[in-house]
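The values are calculated or read from the model by the stated rules, or taken from the named source; none is laboratory data. Computed from a predicted model, the values in this text were never measured in an experiment. No Cβ is skipped: glycine too gets one built from the backbone with ideal geometry, and neighbour counts run over all protein chains shown.
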Amino acid sequence: MAEKIEIDPITRIEGHLAVSVEVEEGRVARAFCKGEMFRGFELILKGRDPLDAQQITQRICGVCPVSHGMASVLAQEQAYGITPNENGRLVRNLILGANYLQSHIIHFYHLSAVDFIDLEAIAQYQGKDAALNEFKAWVGTQKASSVVAPGAPFLPRYAGDYLDGTDANITAIKHYLEGLRMRALAHQMAALFAGKLPHVASLVPGGVTERVTTQKIAAYGAMLQELRSFINRSYLPDVMSVAAGFPSYFKLGKGCGNFLAYGAFAESADNSRKYLPAGVVIGGRLAEFDPRQITEDVKYSYYQSASGLAPAAGQTVPRPGKPDAYTWLKAPRYKGMAMEVGPLSRILIAYLSGTDPEVRQAVDHGLNQLNRSTEDLDSAMGRHAARAIECKLVADQCARWLDQLKPGEPACVDFTIPRSGQGVGLCEAPRGALGHWLAIDDYKIASYQCVVPTTWNCSPKDDQGHPGPVEQALIGTPIANAAQPIEAARVVRSFDPCLACAVH
Ligand code: NFE
Ligand code: MG
């Protein structure tokens, strides 16, 4: 008999995700990812000035607003027939790059590492580090004032096999605390060119409205140096220790086996060359990405619109309570197949494309240290490793883009909005492939459709009944104790889901 486990909500992710799994003989036999709210951004955008889109779509999410703004200006640029100038392109890379750094750092330390490190080890700390002592005192007060038993204040949190050794845990806690500051630093660094963060003020079709000055370049450079040092000295080694401490997670959480990236970080004005290349991997083979192959199914989603539509013809007609439906996410498919998106997909595609020797070197180096092969990357722990490697690579590239800026020269070009037109903005958010499809009629937005990274990863079954990537990753996962399904939570968190984005 199948035993049903409801994890609702999955904590320490962005937004509200519920996961139901049915366990047979100790393993997940069926899994259902459920996005339980409707937001309606695609409907809000209809009838508005196209220029509102890069501001409104950024409100889809406070973690990856930069990517929504980017996708929006890219779609508009196609519709207006313009491309950004050099400074505009580079500044956008620098803002997006900084956003990757903050997103990857928060995901590892503050959302996921808590699955592996034992924050309660702080009670054993006897040293003189001020931040650790402050944290220890805070935990003490929380425990004293808490009516909930052991585990507080880190609840809800499953009992599990946490990292061994007080010293290892204390070091990780130290970096957990430093990570909070690093995340703020990445925001401040981006804000130099973004005007503000989380929601960027400076992004416009044609570039950015912030001026490029030597002062800003120097300030960004100083903060970037501190972040690169943290990534090299703490983030990468901590991911390595967690990976070494939990080898079984290289065998758990294998996804759908298909990977998709639209590519990001423009290396040419027309965005045809990108630092992280576009591509698909199907059945282990790298192939060219063709945007015409994207459709969205809605058989199991609370929408009454037609199934299998391409995003340019997409519709959003909500139908709460629809029979058989179990989520507000649509089910994006590529050539009818579920595709995993995110750092693992990007790194794998960049690695297999072989265009950048530094990517190959970074991945080979990481895998050698862990005594692993590229096949092991398709796993819960592989996703953490790929994300950390990507974080280092992007931080390194930010230094290069910063060097290429031309102080005093313009960072945007002029444009006029046509009476009618259309455009597609394809980029990469920290969590994966992000697309905005825009149509303009009578100078207003006639249609706006977003297909978002977590919509791909946490999608429900498609019309053929094939589960989405996270659902597939859960199937087969052993659950030792149905009352403490930490294995399922670790698998889901490895994808870094954002349900706020996914339902948009
Ligand atoms: Ni709300 Fe997002 C990223 C986008 S994920 S975090 O990264 O787009 O679906
Ligand atoms: Mg959508």
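Please name all residue pairs, on different chains or six or more residues apart, with Cβ atoms under 9 Å, provided the first residue is in region 304-315 and is at positive phi and away from ligand 1 (no atom under 16 Å from the Cβ) and the second residue is of a type outside the set (D, E, K, R) and at pLDDT 95 or above.
The qualifying pairs are 308/295; 308/298; 308/336.
Out of all the residues in region 473-495, is one or more among the hydroxyl-bearing types (Ser, Thr, Tyr) and within 16 Å of ligand 2 (Cβ to nearest atom)? Talk me through it step by step, then tell me what you get.
If we filter region 473-495 for residues that are among the hydroxyl-bearing types (Ser, Thr, Tyr), which is where we start, we get 477, 494.
The next check asks that each one be within 16 Å of ligand 2 (Cβ to nearest atom); those that pass are none.
Checked region 473-495: no residue is among the hydroxyl-bearing types (Ser, Thr, Tyr) and within 16 Å of ligand 2 (Cβ to nearest atom).
Considering region 320-376 alone, what residues qualify as being within 16 Å of ligand 2 (Cβ to nearest atom), in contact with a Cys (Cβ under 8 Å, 6 or more places away or on another chain) and more than 29 Å from residue 239 (Cβ to Cβ)?
327
Whether any residue in region 136-159 is hydrophobic (A, V, I, L, M, F, W, C), part of a helix (DSSP H, G or I) and farther than 27 Å from residue 124 by Cα is what I want to check.
For region 136-159, residues hydrophobic (A, V, I, L, M, F, W, C), part of a helix (DSSP H, G or I) and farther than 27 Å from residue 124 by Cα: absent.
I'm told residue 218 meets every condition in (1) surrounded by fewer than 22 Cβ atoms within 10 Å (Cβ to Cβ); (2) closer than 17 Å to residue 385 by Cβ except one. Can you identify the failing condition by its number?
If we test residue 218 against (1) surrounded by fewer than 22 Cβ atoms within 10 Å (Cβ to Cβ); (2) closer than 17 Å to residue 385 by Cβ, just (2) comes out false.
Just to confirm my filter: which helices (runs of 4 or more DSSP H) fall fully inside region 347-466 and include at least 2 residues that are over 16 Å from the mean Cα position of the chain (by Cα), surrounded by fewer than 24 Cβ atoms within 10 Å (Cβ to Cβ) and modelled with pLDDT of 95 or more?
Working: elements: 357-370, 380-404, 453-457.
By residue number, 357-370, 380-404.
Answer yes or no as to whether residue 305 is modelled with pLDDT under 95, surrounded by fewer than 17 Cβ atoms within 10 Å (Cβ to Cβ), of a type in the set (S, T, N, Q) and within 16 Å of ligand 2 (Cβ to nearest atom).
On the way: modelled with pLDDT under 95: yes; surrounded by fewer than 17 Cβ atoms within 10 Å (Cβ to Cβ): yes; of a type in the set (S, T, N, Q): yes; within 16 Å of ligand 2 (Cβ to nearest atom): yes.
When the stated conditions are applied, residue 305 passes them.
Identify, from the list 54, 78, the residue that is in a helix (DSSP H, G or I), away from ligand 2 (no atom under 16 Å from the Cβ) and buried (at least 23 other Cβ atoms within 10 Å of the Cβ). Break it down stepwise before answering.
On the way: 78 fails: buried (at least 23 other Cβ atoms within 10 Å of the Cβ).
Residue meeting the stated conditions: 54.
Does any residue in region 396-416 that is within 19 Å of residue 203 (Cβ to Cβ) come within less than 6 Å, Cβ to Cβ, of a residue that is part of a loop (DSSP other than H, G, I, E, B) and of a type in the set (S, T, N, Q) six or more places away or on a different chain, and which pairs are these?
413/85
Would you tally the residues in region 304-325 being assigned to a loop (DSSP other than H, G, I, E, B) and closer than 27 Å to residue 261 by Cα? Give the steps one after another, and end with the answer.
Looking only at region 304-325, we keep the residues that are assigned to a loop (DSSP other than H, G, I, E, B), and these are 304-308, 310, 314-317, 319-325.
From what is left, the residues that are closer than 27 Å to residue 261 by Cα are 305-308, 310, 314-316.
Of the residues in region 304-325, 8 are assigned to a loop (DSSP other than H, G, I, E, B) and closer than 27 Å to residue 261 by Cα.
Pairs needed: first member in region 209-222, within 14 Å of residue 400 (Cα to Cα); second member anywhere, of a type in the set (Phe, Trp, Tyr); C-beta distance under 8 Å; at least 6 residues apart or different chains.
Correct list of pairs: 220/193.
So, in region 399-452, how many residues would count as being within 13 Å of ligand 2 (Cβ to nearest atom) and among the aromatic types (Phe, Trp, Tyr)?
2
Hey, can you tell me all the residues within region 20-36 that are out of contact with any helix residue (DSSP H, G or I) (no Cβ under 6 Å at 6 or more places or on another chain) and either within 16 Å of ligand 1 (Cβ to nearest atom) or at pLDDT below 95 (or both)?
34, 36
Return the residue satisfying two criteria in turn: it lies in region 429-471 and is under 27 Å from residue 80 (Cα atoms) and free of Cβ contacts under 8 Å to residues at least 40 places away in the same chain, and of such residues it is nearest to ligand 1 (Cβ to nearest atom).
By that ranking, first place goes to 441.
So residue 366 fits all but one of (1) away from ligand 1 (no atom under 14 Å from the Cβ); (2) touching a Leu at 6+ places or on another chain (Cβ under 7 Å); what number is the exception?
(2)
I'd like to verify a number: residues in region 232-255 that are surrounded by fewer than 20 Cβ atoms within 10 Å (Cβ to Cβ), under 22 Å from residue 182 (Cα atoms) and in contact with a Leu (Cβ under 8 Å, 6 or more places away or on another chain), how many?
Matching residues across region 232-255 total 2.
Looking at region 249-262, is at least one residue farther than 30 Å from residue 27 by Cβ and not in a loop (DSSP other than H, G, I, E, B)?
Of region 249-262, the ones farther than 30 Å from residue 27 by Cβ are 261-262.
With not in a loop (DSSP other than H, G, I, E, B) added as a condition, the list becomes 261.
Yes, that holds for at least one residue.
Can you list residue pairs whose Cβ atoms sit under 6 Å apart, with the first residue in region 144-164 being modelled with pLDDT of 80 or more and the second being aromatic (Phe, Trp, Tyr)? Count only pairs 6 or more apart in sequence or on different chains.
Going by the 6 Å Cβ cut-off, the qualifying pairs are 163/116.
Look through 103, 72 and report the one residue that is crowded, with 24+ Cβ neighbours inside 10 Å and either away from ligand 2 (no atom under 16 Å from the Cβ) or within 14 Å of the chain's Cα centre (by Cα) (or both). I'd like the intermediate steps shown before the answer.
On the way: 72 fails: either away from ligand 2 (no atom under 16 Å from the Cβ) or within 14 Å of the chain's Cα centre (by Cα) (or both).
Residue meeting the stated conditions: 103.
Go over the candidates 182, 189 one by one and state the one that is at pLDDT 95 or above and more than 30 Å from residue 486 (Cα to Cα).
Details: 182 fails: more than 30 Å from residue 486 (Cα to Cα).
None of the others qualify; the one that does is 189.
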